[in-house]
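What follows is one structure encoded as structure tokens, with my remarks underneath.
The values are calculated or read from the model by the stated rules, or taken from the named source; none is laboratory data. None of these values were measured; they are calculated from a predicted model. Positions of Cβ are generated from backbone atoms using ideal geometry, with glycine treated the same way; all protein chains shown enter the neighbour counts. Heavy atoms of the whole protein, side chains included, go into the accessibility calculation; ligands, DNA and RNA do not. Shrake-Rupley method; radii C 1.70, N 1.55, O 1.52, S 1.80 Å.
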Amino acid sequence: QVQLVESGGGLVQAGGSLRLSCAVSGTIFSINAMGWYRQAPGKQRELVAAITSRGSTNYADSVKGRFSISRDSGKNTVYLQMNSLKPEDTAVYYCGVDWARGTYWGQGTQVTVSS
């Protein structure tokens, strides 16, 4: 059974940093990409950053230069380093693993940035 467990969320002041982790347990075949998404109240879930199985990355324009996604294949873990956080980054952050038959999701972790 596949499980994605996020950690590292919390409350931080504007300008601060957080590092999110997503540990994947179980076997997933044919992973296309691993990514971080976020959903703020009243808004749709949006892609924040993703990393493909080959290591290519892409970011939402709103986080470019501030966030960095990385992956430890040996630990089957994906990270999101978030720097220079802004109040508009406040959301529930979800880890997602895109594979041949769909997407696995984590339960989400709350990130709150105070001004």
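Derived scalar couplings between HN and Hα for the stretch 31-36 equal 6, 8, 6, 10, x, 10 Hz in order, rounded to whole Hz, by the Karplus curve 6.51 cos²θ - 1.76 cosθ + 1.60 (θ = phi - 60°), x for Gly and Pro.
On the beta carbon distance between ALA100 and GLN44, with R0 = 41 Å, the FRET formula returns roughly 0.95. Stokes-Einstein, applied to the Kirkwood radius of the stretch 1-90 over Cα pairs at a viscosity of 0.890 mPa s and 25 °C, places its translational diffusion at 177 µm² s⁻¹. Compactness of the stretch 13-58, taken as the C-alpha radius of gyration over 2.2 N^0.38 Å, stands at 1.43.
For the chain, the Cβ-based charge dipole about the Cα centre amounts to some 120 debye (Lys, Arg positive; Asp, Glu negative; other atoms uncharged). Across SER73, SER84, SER53, mean-square fluctuation computed from a Gaussian network of the chain (C-alpha pairs under 10 Å connected) peaks at SER73.
Carbon and sulfur: what percent of the chain's accessible surface (1.4 Å probe)? In the chain, the share of accessible area belonging to carbon and sulfur is 45 percent. As a test question: what accessible area, to the nearest 10 Å², does LEU80 have when a 1.4 Å probe is rolled over all protein chains in place? About 0 Å², ignoring ligands and nucleic acids.
Between PHE29 and GLN13, full extension at 0.36 nm per residue minus the direct alpha carbon distance yields a gain of 1.8 nm.
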